[in-house]
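A.B. asks: Once you've had a glance at the structure underneath, I'll fire off some questions.
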Amino acid sequence: MNAGGTPVSAGVPASAEVPVSAGVPVSASVSAQAPGLGGEALRIEGLRKSFGDHLVLDGIDLVVAEHEVVCLIGASGSGKSTLLRCVNLLEPIDSGRIVVQGAEITASGVDVDRIRRSIGIVFQAYNLFPHMSVIRNITLAPVKVLRLPKAEAEARAEELLRRFGLLDKRDAVPDRLSGGQQQRVAIVRALAMRPSILLLDEITSALDPVLVAEVLSVIRELAESGMTMVLATHEMGFARDIANRVAFLEGGRIIEEGPPGQIFSAPRDERTRRFLDRVIEAGRL
Amino acid sequence: MTHAAPRRSRLRSRGVAVLVATVSTLVVFGVIGWLIVNADGWATVQARFFDSARFDEALPRVFAGLLVNIGIFLIAAVCILVWALVLAVMRSLDDPVFFPIKLFAIIYIDLFRGLPSILIIYVLGFGIPALRLPGLTSDVYVWGIVSLVLVWSAYVAEVYRAGIQSVHPSQAAAARSLGLSGVKTFRYVVLPQAIRRVIPPLLNDMVGLQKDTALVSFLGPVEAFRRAQAMASADFNFTPYLASAMLFLMLTVPMARLVDWLVARDRKRYLAGAR
């Protein structure tokens, strides 16, 4: 039973062998950090999650450095989306811990809403608020959560809209925008909260191939500006292009991770190789 | 110019359709009218129900009564729309901590939706003033309105709840992911979408409520129906009831048409949105 309404029901944290020292990066065994990147932005340890009897995440360990772009690849149902939703605390986890910017967000009694402010997430189906104009979609959280004055929130939103070529859609209703435009607005909406890390959950999967490019170029620009990002994606070419590191998931586990050059051209694990063969067969790489 | 020809023919066929509908309507209703007027006993019916002198006499007095109905309706409608929303929210609470509140809402809705309005009106309108409890009013208008609010809020709460449930969970997820609290998510994201979707059924219930205001007359207030009843029982002529019926229809039919129009507009919007 969920007492008190906190969605985090961390059972027994699987921290027996992990040295717990309030989020300071210690256990180098978990994952090798990419060189030339900043400090630790996100650390996931022993994350397990099941829906009923179905085990979706079976002990995920992942460390993401600041300014790093990590792509999660794998077949549908491998746990990529669930992993991202867990990091945003949209799904309660069964066990393990998640540390963002040195603070354990899966600890009991944390202010979930405060944590979510600094973790942006963009969904496959955009999930824009259909009853609000573009500008209100973007300014809702800054005004109601960060308590920014309306004018300041709008100025911030307009700056982002201009940056991504959407300023003329300022007062449009989401329904009137193309899928690509809606998804870019959704990205702007997440960015307006100035998150320290951005999670992107198969954001191009619902888009026309023609519209994919305009969304990917936004992500590319964000990567260049140093945004820390974790992407679940089926766009292998893009992943190879943009990621500092690629992690291949299967059956709720990270089977293999490494720089894109190595994963895509010299996968060590048989399962990674099989997955990539199928992707190539489908003409997606 | 290339579009002119098909457009004109569409206009012409539309004109033909209107003509056909008009003629067939006139014929059908004309025949029915002729049959009724020439039926045996029509004279008696006309004298009892369609006495024009009685009608002219009744109309202004019944209309004065109707203003009471409108007053009861307006006060009850405001209370119902607010209280029903509270009930719907209570019933939508999923956290086990709030289960007693949810249970209260479930029992309340089952109870008042399942009982005839007239029963509640009798129990409250005659029962409570009879108790002579200090601090409780014995004003029959108050108890009449309270009864209507109790019954109709149960219906309206279910309409609201259907609206709330129709908003896809991904909307709430998007709002929560931005850091909005549960309350703010409900207030700014879920509720506005829910209400927009249930405006037609809400108005439908308001039409029903408008009719039910006549039930309050059983407690004594002289509203349209009561006034008609008083006049009719004086000489067994039912024309005042007809005047009353006509006035009720003048309120409820425009509301019904408004509902139709809103439904059509919503549908058009939905289709435009879906492209």
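A.B. asks: Using packing as a proxy for protection, rank B:44-55, B:204-215 so that the peptide with the highest average count of other Cβ atoms within 10 Å comes first.
C.D. replies: Working: B:44-55: 13.9, B:204-215: 19.6.
Packing proxy ranking, top to bottom: B:204-215, B:44-55.
A.B. asks: Can you list the residues, at least 5 places off or on another chain, whose amide H is less than 5 Å from the amide H of A:Asp94, using H built in the peptide plane?
C.D. replies: Correct list: A:Arg48, A:Lys49, A:Ser50.
A.B. asks: Sum up the charges of everything whose Cβ sits under 13 Å from the Cβ of A:Gly38, counting Lys and Arg as +1 and Asp and Glu as -1, but leave A:Gly38 out.
C.D. replies: -3
A.B. asks: Can you give the percent of C-alpha pairs in segment B:59-149 whose distance is more than 18 Å? It would help to have the intermediate numbers written out before the result.
C.D. replies: Working: 2436 of 4095 pairs.
Everything past 18 Å amounts to 59 percent.
A.B. asks: Summing +1 for each Lys or Arg and -1 for each Asp or Glu, what net charge is found among the other residues whose Cβ lies under 9 Å from the Cβ of A:Gln124?
C.D. replies: Numbers: positive: none; negative: A:Asp201, A:Glu202.
Local net charge: -2.
A.B. asks: Please work out the C-alpha center-to-center distance from segment B:55-82 to segment B:228-252 and express it in whole Å.
C.D. replies: One Cα centre to the other: 14 Å.
A.B. asks: Using a 10 Å cut-off around each Cβ of peptide A:125-131, what is the average number of partner chain Cβ atoms that fall inside? Write down the numbers at each step before the final one.
C.D. replies: Numbers: counts 3, 2, 10, 2, 8, 7, 8.
Shielding by partners across A:125-131 averages 6.
A.B. asks: While we're looking at this one, here's another question. With Cβ to Cβ distances under 13 Å as the rule, what net charge do the other residues near B:Val156 carry (K, R +1; D, E -1)?
C.D. replies: Taking every other residue near B:Val156 into account, the sum is 0.
A.B. asks: Can I ask one more? What distance in nm separates the simple spin-label points at B:Leu136 and B:Val86, each placed 7 Å from Cα in the Cβ direction?
C.D. replies: Once both label points are built, they end up 1.9 nm from each other.
A.B. asks: Another question, if that's okay. Going by how many other Cβ atoms sit within 10 Å of their own, how do B:Trp34, B:Trp42, B:Trp152 line up, fewest first?
C.D. replies: Details: B:Trp34 10, B:Trp42 13, B:Trp152 25.
Ascending number of Cβ neighbours within 10 Å: B:Trp34, B:Trp42, B:Trp152.
A.B. asks: Something else now. What helices does chain B have that are whole DSSP H segments, at least 24 Å long along their own axis by Cα, and with mean Kyte-Doolittle hydropathy of 0.0 or more? Walk me through the numbers before you get to the answer.
C.D. replies: Working: long enough: B:4-37 (49 Å, 1.11); B:52-92 (56 Å, 1.62); B:140-166 (39 Å, 1.15); B:191-212 (29 Å, 0.03); B:239-274 (52 Å, 0.56).
Sorted by number, the helices that extend far enough and score high enough are B:4-37, B:52-92, B:140-166, B:191-212, B:239-274.
A.B. asks: Another one. Run down the lysines and flag those whose C-alpha is under 19 Å from the C-alpha of B:Lys184, throwing out any fewer than 8 positions away in its chain.
C.D. replies: Partners found: A:Lys144, A:Lys150.
A.B. asks: Using the number of other C-beta atoms within 10 angstrom as an exposure proxy, rank B:Val28, B:Val149, A:Val56 with the fewest first. Please list the in-between numbers first.
C.D. replies: On the way: B:Val28 10, B:Val149 23, A:Val56 20.
Going from sparsest to densest Cβ surroundings: B:Val28, A:Val56, B:Val149.
A.B. asks: Now, a different point. List B:Phe218, B:Phe112 from most exposed to least, where exposure is judged by having the fewest other Cβ atoms within 10 Å. Walk me through the numbers before you get to the answer.
C.D. replies: On the way: B:Phe218 16, B:Phe112 20.
The most exposed by this proxy come first: B:Phe218, B:Phe112.
A.B. asks: Output the direction-averaged projected area (hull surface divided by four) of the convex hull of the alpha-carbon atoms of the protein assembly as shown, in nm². Intermediate values should be presented prior to the final figure.
C.D. replies: Numbers: hull surface 156.8 nm².
So the Cα hull casts an average projection of 39.2 nm².
A.B. asks: For the protein assembly as shown, what does the helix formula give at 222 nm: sum of -39500 (n - 2.57) over DSSP H segments with n ≥ 4, over the residue count, nearest 500 deg cm²/dmol? Don't skip to the end; give the middle numbers.
C.D. replies: Working: 21 runs with 313 residues, N = 560.
One gets -18500 deg cm²/dmol as the mean residue ellipticity at 222 nm.
A.B. asks: Residue separation times 0.36 nm, minus the C-alpha to C-alpha distance between A:Asp58 and A:Arg114: what's the value?
C.D. replies: Extra length available between A:Asp58 and A:Arg114 comes to 17.4 nm.
Read-outs: derived from the displayed coordinates by stated rules, not from any lab. The structure presented is a predicted model; accordingly, all values stated were derived computationally and were not measured. Every residue, glycine among them, receives a Cβ derived from its backbone with ideal geometry; neighbour counts consider all protein chains shown.
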